[in-house]
Amino acid sequence: MVMLNQPSQLKQRAHERLDLLAGIIGSAMDAIIALDDAQRIVLFNAAAERIFACPANEAIGSSIERFIPQRFRTTHSMHVHRFGESELTNRAMGTLGTLWGLRVTGEEFPIEASISKVESGGKKFFTAVIRDITERQRAEEAVRDNEERLRLAIQAGKMYAYEWDVPNNVLVRSPEYVDVLGPTEPRTVTPIPLEQALGRIHPDDRRHIVKAIAERSPQNPTVNLSYRALVPGKAPVWVRSSGRAFFDGQGRMLRVVGMVADVTDQKLAEEKLREYEKAVEGLEEMIVVVDREYRYLVANRKFLSMRHLTREQVVGRFAHEIVSKDAYEAIVKEKLEECFRGKVVRYEMKYTYPEIGERDLLVSYFPIEGTCGIDRAACIFQDITERKRAEEALSGISRKLIEAQEQERARIARELHDDIGQRLSLIIVNLGILEQKIPIERAIEHAEIHNVVDELDQLVTDVHDISHRLHSSKLEHLGLVAAIKGFCKEFAEKQRVEIDVQTHDLADSISPEISVSLFRVLQEALHNAVKYSGVAHFDVALSQSSGEIQLTVRDRGAGFDLDHAMKGRGLGLASMQERLRLIDGELSIKSQLGSGTTIHASVPIKSGKQVA
């Protein structure tokens, strides 16, 4: 038999109990802080370190007031003193309102706390158990917000909720049903017999509803119906009911819960839209009508045939589901928003159709007034492709267009480099400063900041690349040769191809007009070569002879039919020709299918016409 009253055994048992107690306190999820009668911290567990963002060795020995916001310290000290003098041994804190804690970072946060006291050796000690309730408060606020939004939505949407107790055959409706069925009945939630509710349904629709409810089963519990509700002294109201049936283990229906919404306005609009359909079906223009959510309500024959879609595939769908994502985000959405602000909107755009390819469209949006303001927009699309081609063939690319293009390239490039790039760099610096303020033990936050900085670094690089493609600073400050070599090197690295660049006997200075034109020709030629040739090696040669500068771009790839390319819709070749024409230069293209392509530009050095 072990004698526990022996001093060594008692001491060992005491140590074991202390270790157990320390383990329990250390592993607790709530902060546990012990104070002496002077309110100095004598115990500060791991949860307290985490919650207050303060190591225990810094907290122990200091006043508890460092973790209490300044405005509460006097009141807190008074309450603790009163508690110490009282007969109570423990109580909850904050019964008159939310308590607040203070992290060492200066951040205040809501807490729940309880306090207890013990006396040992003639001294009083207090123990506070503290819980951070930040997330709980956020969740509670979110629930309240959601409930309020639901209530407002029900009121604004003229809806009400219902529950049918099947065994007792009674129906309970939320008070909002008066807003749908009229003020002939009191705004109450008094249960009524189901037969009374069915009596308010149009006779032609009643049998359909009874049948639909009878067909519900555990495998098919949902029901969605539209029907006419009778309102004394008024025309019937169209409503849509969405509900779900619940069953017991034997498959017997116990109750049905759901929502009923007034859809009279929608039904009237649908009738009007059917009238519109008759008027627009025979037109050759593509015509659709959309509502405020950009949902197609009407689509005429021409619109459907151009997309090879049926009416069922379009009507009821949203614009972003039918129109290409790029076109919708870049143009369509913004223009529709402008139309729903009451403006007639017209613009031109290019759109690619499944079989006929890219077409030029003249788009017109007309706002349509409803009972509650503008609620629809009529959209008319005219195919102006042939007209545009004729205009482009007659006018070509004018000098002012090229000048404006280069100016805009330079402006955007400067803004990207000097504004956007610098602002992004400043954000990186600020993130670095912010990171220094975060305690080193918060490794997750440090890692997240590093990830953001890495992404911003890549974004800065991409912005600089775009800026350089738009406007070459090397071309402006170092000249044509350096710009061509730099562009070819960067382009080759990005496209993962090889570009052999040769330069010979160039004049010391070449006019900016010639430099810009030849540089743009090089860009266009290499982009086309990489895109269409199917090879990964290209030759670029720049030389000067007989008073001319010669630029040659050559590949040994697939080649193309030159006559067919010149008749096509692309502007690349025409752009190169027009640029060189404006500086008295010439462009020659030699290409055969399977034998590669050579583009040769020659410009007289004396040329001095203003281009960009």
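The table that follows gives values for the structure above.
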quantity	calculated
Tally of residues being of a type outside the set (S, T, Y) and assigned to a helix (DSSP H, G or I) across the stretch 25-34	2
Given (1) of a type in the set (A, V, I, L, M, F, W, C); (2) out of contact with any Asp or Glu (no Cβ under 9 Å at 6 or more places or on another chain); (3) more than 30 Å from D555 (Cα to Cα); (4) at pLDDT 75 or above, index of the condition V497 fails	(3)
Residue in the stretch 306-318 that is free of Cβ contacts under 8 Å to residues at least 24 places away in the same chain, farther than 16 Å from V288 by Cα, more than 21 Å from the chain's Cα centre (by Cα) and surrounded by 11 or more Cβ atoms within 10 Å (Cβ to Cβ) present	no
Pick from the stretch 124-166, criterion among the basic types (K, R) and part of a helix (DSSP H, G or I), ranking: modelled with the lowest pLDDT	R151
Helices (runs of 4 or more DSSP H) within the stretch 262-325 that include 3 or more residues under 19 Å from Q382 (Cα atoms)	264-280, 301-307
Test: residue in the stretch 365-375 that is touching a Gly at 6+ places or on another chain (Cβ under 8 Å), assigned by TED's automatic domain parsing to the domain that holds E386, under 29 Å from D265 (Cβ atoms) and not polar (S, T, N, Q)	yes
Filter pass, V172 being at pLDDT 80 or above, surrounded by 13 or more Cβ atoms within 10 Å (Cβ to Cβ), part of a helix (DSSP H, G or I) and not assigned by TED's automatic domain parsing to the domain that holds W100	no
Long-range neighbours under 7 Å by Cβ, at least six apart or interchain, first residue in the same structural domain as S241 (by TED's automatic domain parsing) within the stretch 200-223, second of a type in the set (D, E, K, R)	H202/R228; D205/R228; P221/R244; T222/R244; V223/R216
Candidates R244, R301, R255, R307, filtered to the one that is over 26 Å from G373 (Cα atoms), at pLDDT below 90, touching a strand residue (DSSP E or B) at 6+ places or on another chain (Cβ under 7 Å) and not aliphatic (A, V, I, L, M)	R307
Residue in the stretch 487-509 that is out of contact with any Phe, Trp or Tyr (no Cβ under 9 Å at 6 or more places or on another chain), buried (at least 17 other Cβ atoms within 10 Å of the Cβ), farther than 21 Å from S602 by Cβ and in the same structural domain as I589 (by TED's automatic domain parsing) present	yes
Members of the stretch 190-242 that are among the β-branched types (V, I, T), surrounded by 14 or more Cβ atoms within 10 Å (Cβ to Cβ) and not in a strand (DSSP E or B)	I209, I213, V231
Qualifying strands (runs of 3 or more DSSP E) (wholly inside the stretch 35-123; at least 2 residues being within 27 Å of P439 (Cβ to Cβ))	41-44, 99-102, 108-120
Pairs, first in the same structural domain as S364 (by TED's automatic domain parsing) in the stretch 321-342, second assigned to a helix (DSSP H, G or I) and among the β-branched types (V, I, T), C-beta under 7 Å, six or more apart	I322/V314; V323/V332
Near pairs, Cβ below 6 angstrom, 6+ apart or cross-chain, from the stretch 57-86 (of a type outside the set (D, E)) to any residue that is surrounded by 15 or more Cβ atoms within 10 Å (Cβ to Cβ) and assigned to a helix (DSSP H, G or I)	F67/F52; I68/H76; R73/E65
Some residue of the stretch 71-85 being in the same structural domain as I115 (by TED's automatic domain parsing) and within 43 Å of the chain's Cα centre (by Cα)	yes
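Here is a yes/no grid of residues against (1) farther than 30 Å from T352 by Cα; (2) in the same structural domain as L506 (by TED's automatic domain parsing); (3) out of contact with any strand residue (DSSP E or B) (no Cβ under 7 Å at 6 or more places or on another chain); (4) surrounded by fewer than 18 Cβ atoms within 10 Å (Cβ to Cβ):
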| site | (1), (2), (3), (4) |
| --- | --- |
| L526 | no, yes, no, no |
| V530 | no, yes, yes, no |
| A541 | yes, yes, no, yes |
| S545 | yes, yes, yes, yes |
| R554 | yes, yes, no, no |
| A558 | no, yes, yes, yes |
| I599 | no, yes, no, no |
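The values are calculated or read from the model by the stated rules, or taken from the named source; none is laboratory data. Everything numeric here is computed off the predicted structure, so don't read it as measured data. Cβ: placed from backbone, ideal geometry, glycine included. Neighbour counts: every protein chain shown.
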